[in-house]
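Visitor: First the structure, which I've put down as structure tokens, then a few questions once you've had a look.
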Amino acid sequence: MAYQFLHLDTVSRSVPKKAMSTRWSMRDILAEAGRKPAACPHVATPQPPTLVMGLPLAEVEALATDNADKAKDGAGRRLRKDAPVLVAGVASFPVPLANMTEQDRQRWRRWEADTLGWLRQTFGHRVVSAVRHEDERFPHLHFYLAPDLGADGRLDVQAVHPGIDARERCRADGGDRAAQNRAYCEAMRRMQDGFQRAVGARHGLLRTGPKRRRLTRAAYREVQRQAQERAAMLERIEMTVSEAERLRVAAVEAPVLRASVQALQEQNARLATELADAKRVITQKEHETARLLAKVRASGPKIRHCAKVLTGVIRLVATGDDEYRAWLAQADCPAVVDESDWTLLRSLLRRPGWSLRQRGLDDLQR
């Protein structure tokens, strides 16, 4: 493994006329990252980038342009075209794509996740986009930080660039140009150190290369080996800590889970008892219903006989027909009539010359 690579720079809508080195405008930088035609001649076979976080690049340009159009400088005037309106950064994983093993690819994905996490933790909501490139020798991320537009109309570039923030603070404290430059460089080194602690060390990347540290090739190889061992050790420690945390959480949650299980068991027991009681009640009701149905079925002939007798009496009263008199005189006593009353009625019906219809009419006349 080699050393980490992280770069940060401000971007403006147009390149300053007095720029001492070759610089690109915001549109040029975003076009190169988006692999627009003629914007990336250094890439043999350009491939569209993969958006891994935030806004598409076209929306990043629209957001930064809109903020810049609304922004004012320190004197309240419209912002100059060459004033910084965006911060662009690059982070690279130093293993050639052509030489990557499956294990390297897994480490690359973990490195990418850790890098995005570091960006979110360091710059917060100001990280508006990040894209991945896989069409150059090394896989890398381009990320973009958009300064907030304050209530006074000024873009807060200091909040998204540690070096500028340190330089401006030094200037406010009365530091000269040399002191401001030292503050700028120290802040950028602290940023690189923070990236090393959060990302580089976890993946066996060195903070600086061999030339910077004036190491021989053998010494640099030894430093690389030690860095890889530290990364592996950190990974083992993280796995151990994760397992310990899992066990701790399980131990804390175990009593709660046991109480929940016990409560559920008790509830299930109560429900089972209530279900058994309900089944017994249902069985009793079914037996009672069956008995009632049996009684109804058994009473059917008796009810039909009562109805037939009542019909015969009504017809006899209405017509005085001796056919009904003879049938009633021989019929069995209905279940709803007292036996003695029925015997009396039959004796009257059998008496010669006695008419139930006439008797009924006489009673009405009286």
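Visitor: Using the Cα gyration tensor of the range 84-218, with a ≥ b ≥ c the square roots of its eigenvalues, what is the shape: rounded (a/c below 1.5), prolate (a/b larger than b/c) or oblate (neither)?
Guide: The shape class here is oblate.
Visitor: Right, here's the next one. Could you sort ILE164, ILE282 by accessible area so the largest value comes first, with the probe set to 1.4 Å?
Guide: Largest accessible area first, the list is ILE282, ILE164.
Visitor: How many nm is it between the label spots at ALA75 and SER340, if each spot is 7 Å from the Cα in line with the beta carbon?
Guide: Placing both labels 7 Å beyond Cα along the Cβ direction yields 13.4 nm.
Visitor: Moving to a separate point now. Using the Karplus curve 6.51 cos²θ - 1.76 cosθ + 1.60 with θ = phi - 60°, work out ³J(HN,Hα) for each residue of the range 328-342 in order, rounded to whole Hz, and write x for Gly and Pro.
Guide: Result, rounded to whole Hz: 5, 5, 9, 6, 6, 5, x, 5, 8, 10, 5, 4, 5, 5, 5.
Visitor: Would you please put 62-71, 341-350 in order of how densely packed they are, using the mean number of other Cβ atoms within 10 angstrom per residue and starting with the highest?
Guide: Highest to lowest by the protection proxy: 62-71, 341-350.
Visitor: So what's the net charge close to PRO37: Lys and Arg +1, Asp and Glu -1, counting the other residues with Cβ under 15 Å from its Cβ?
Guide: 0
Visitor: Within straight cross-link reach of LYS81, meaning Cα distance under 25 Å, which lysines are found once same-chain residues fewer than 8 apart are removed?
Guide: LYS17, LYS18, LYS36, LYS70, LYS72
Visitor: Counting only protein heavy atoms and using a 1.4 Å probe, what share of the accessible area of the range 22-73 belongs to carbon plus sulfur, as a whole percent?
Guide: 57 percent
Visitor: Within a Cβ distance under 15 Å of ALA75, other residues only, what is the Lys/Arg minus Asp/Glu net charge?
Guide: Spelling it out: positives minus negatives among the neighbours equals +3.
Visitor: Of the peptides 145-157, 98-110, how do they stack up when ordered by the mean number of other Cβ atoms within 10 Å, highest first?
Guide: In decreasing order of mean packing, 145-157, 98-110 become 145-157, 98-110.
Visitor: Report the full-extension gain for the segment THR101 to GLN158: residue separation times 0.36 nm, less the Cα-Cα distance, to one decimal in nm.
Guide: 16.5 nm
Visitor: In debye, nearest 20: dipole of the range 266-343 around its Cα centre with unit charges on the Cβ of K, R (+) and D, E (-)?
Guide: 340 debye
Visitor: Please compute the per residue accessible area over the range 86-182 with all protein chains in place, 1.4 Å probe, rounded to a whole number of Å².
Guide: Ligands and nucleic acids excluded, the figure is 47 Å² per residue.
Visitor: Determine the per residue accessible area of the range 247-313 with all protein chains present and a 1.4 angstrom probe, expressed in square angstrom.
Guide: 82 Å²
Visitor: Right, something else. Report the gain in length on full extension from LEU55 to SER14: 0.36 nm times residue separation, minus Cα-Cα distance, nm rounded to one decimal.
Guide: Roughly 12.6 nm would be gained on extension.
The values are calculated or read from the model by the stated rules, or taken from the named source; none is laboratory data. Just so you know, these numbers come straight off a predicted model, no measurement behind them. Please note: Cβ atoms are built from the backbone with ideal geometry, for glycine as well, and neighbour counts cover all protein chains shown. These area figures cover heavy atoms from the full protein model, side chains too; ligands, DNA and RNA do not enter into them. Shrake-Rupley method; radii C 1.70, N 1.55, O 1.52, S 1.80 Å.
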